[in-house]
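Engineer: Before I ask anything, here is the structure I am working with.
The values are calculated or read from the model by the stated rules, or taken from the named source; none is laboratory data. Not measured: the values here are computed from a predicted model. Virtual Cβ from ideal backbone geometry, glycine too; neighbours counted across all protein chains shown. Ligands, DNA and RNA are stripped out before the accessible areas are found, and what is left, the full protein with its side chains, is counted by its heavy atoms. Shrake-Rupley method; radii C 1.70, N 1.55, O 1.52, S 1.80 Å.
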Amino acid sequence: MSGFSDEPNLIIAFSGRKHGNMSLYYGETSEALNNRRAFLSSLGIDHRDLVCARQVHGDNIRYVTEDDKGAGASAYGGSIADTDGFITDRKNLPIAIFTADCPSIFIYDPSLPAIGLLHCGWRSSRLRIASKAVRLMQKEFNSNPKDLYAGFGSGIRGCCYRVSEDFSGYFTEGLIRRSGQLYLDLTEVNTWELLACGVKKENIYPPQACTFCHNDEFFSFRKEGPACGRMLSVMMIK
């Protein structure tokens, strides 16, 4: 997450396959809590404080506070229901999103500070969850989009994400036609969405790799199927 990962009052991280499955619901879950504990403790985060969502590929975004600390940290059923994004301005409150091809988006307002973290599969992207998050940060924190930084966790890219022709009616950006097939790049879709909201191009940082291409490094739902593990995106203000 080059560009703002070295901010002294911010923790931001994205796990990989080597860190193990982070989901308490998907994939092989027997070691998930231990995986979370090991990964988060290396960042200075207590895994018991994690705020998790039951993601539904929608556009609901929750402003979380200390009352939400630990939601879903120890059991999937305790996760915040029907939610695909969090924003907060509270310190020592780690927010989490789980992915296996869908990109996550990290949003940072250094002036407050405040943060946002989103799960951006195609359905959430079609619902414009990124611009909804920016507007919510404007409403709750008086954030100026020009001051925001945004970075992507690794997800499937346009090189590999083949979609049906219906998608040409869903998106105006991020579509690639190659050898008679249609491909979608959700990073491009959401980058244009952020730009349209007023986030500066130089403040947007693309993901490092495609999860499908680099399945040895990342879990990939498209390549492995529903039983694959999940990566953890986490963000916290210190």
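Engineer: Could you list all residues from the range 136-168 that are under 19 Å from D59 (Cα atoms) and free of Cβ contacts under 8 Å to residues at least 12 places away in the same chain?
Structural biologist: Q138, K139
Engineer: Kindly indicate whether K132 is of a type in the set (D, E, K, R) and free of Cβ contacts under 8 Å to residues at least 24 places away in the same chain.
Structural biologist: For K132, the condition - of a type in the set (D, E, K, R) and free of Cβ contacts under 8 Å to residues at least 24 places away in the same chain - is not met.
Engineer: Can you tell me which residue within the range 194-223, out of those that are open to solvent by 50 Å² or more (accessible area, probe 1.4 Å) and assigned to a helix (DSSP H, G or I), is nearest to Y161 (Cα to Cα)?
Structural biologist: Restricting to residues being open to solvent by 50 Å² or more (accessible area, probe 1.4 Å) and assigned to a helix (DSSP H, G or I), the top hit is R222.
Engineer: Right, another one. Is there any pair linking a residue in the range 36-51 that is of a type in the set (A, V, I, L, M, F, W, C) to one that is open to solvent by 40 Å² or more (accessible area, probe 1.4 Å) and assigned to a loop (DSSP other than H, G, I, E, B), with Cβ under 8 Å and at least six apart or on different chains, and which?
Structural biologist: L40/D46; V51/K69
Engineer: I've got another one for you. Tell me which residues, restricted to the range 8-41, are of a type in the set (V, I, T) and either farther than 24 Å from G225 by Cβ or in contact with a strand residue (DSSP E or B) (Cβ under 8 Å, 6 or more places away or on another chain) (or both).
Structural biologist: Initially, the range 8-41 is screened for residues of a type in the set (V, I, T), giving 11-12, 29.
Once the filter is applied, which keeps residues that are of a type in the set (V, I, T) and either farther than 24 Å from G225 by Cβ or in contact with a strand residue (DSSP E or B) (Cβ under 8 Å, 6 or more places away or on another chain) (or both), the range 8-41 yields I11, I12.
Engineer: For the range 56-67, state whether one or more residues are within 23 Å of G16 (Cα to Cα) and within 16 Å of the chain's Cα centre (by Cα).
Structural biologist: The answer is yes; a qualifying residue exists.
Engineer: For the range 31-59, what are the residues that are assigned to a loop (DSSP other than H, G, I, E, B) and touching an Asp or Glu at 6+ places or on another chain (Cβ under 7 Å)?
Structural biologist: Scanning the range 31-59 gives R54, Q55, V56, H57, G58, D59.
Engineer: Look through the range 1-56, keep the residues that are closer than 20 Å to Q208 by Cβ and modelled with pLDDT under 95, and return whichever of them is surrounded by the most Cβ atoms within 10 Å (Cβ to Cβ).
Structural biologist: Filtering first and then ranking leaves M1.
Engineer: Suppose the filter is of a type in the set (D, E, K, R), in contact (Cβ under 8 Å) with a residue 40 or more places away in the chain and open to solvent by less than 10 Å² (accessible area, probe 1.4 Å); does D84 pass it? Step through it out loud before you land on a result.
Structural biologist: On the way: of a type in the set (D, E, K, R): yes; in contact (Cβ under 8 Å) with a residue 40 or more places away in the chain: yes; open to solvent by less than 10 Å² (accessible area, probe 1.4 Å): yes.
It is true that D84 is of a type in the set (D, E, K, R), in contact (Cβ under 8 Å) with a residue 40 or more places away in the chain and open to solvent by less than 10 Å² (accessible area, probe 1.4 Å).
Engineer: Then there is this: Among the numbered criteria (1) under 22 Å from D49 (Cβ atoms); (2) out of contact with any helix residue (DSSP H, G or I) (no Cβ under 6 Å at 6 or more places or on another chain); (3) open to solvent by 10 Å² or more (accessible area, probe 1.4 Å), which single criterion is violated by A71?
Structural biologist: (2)
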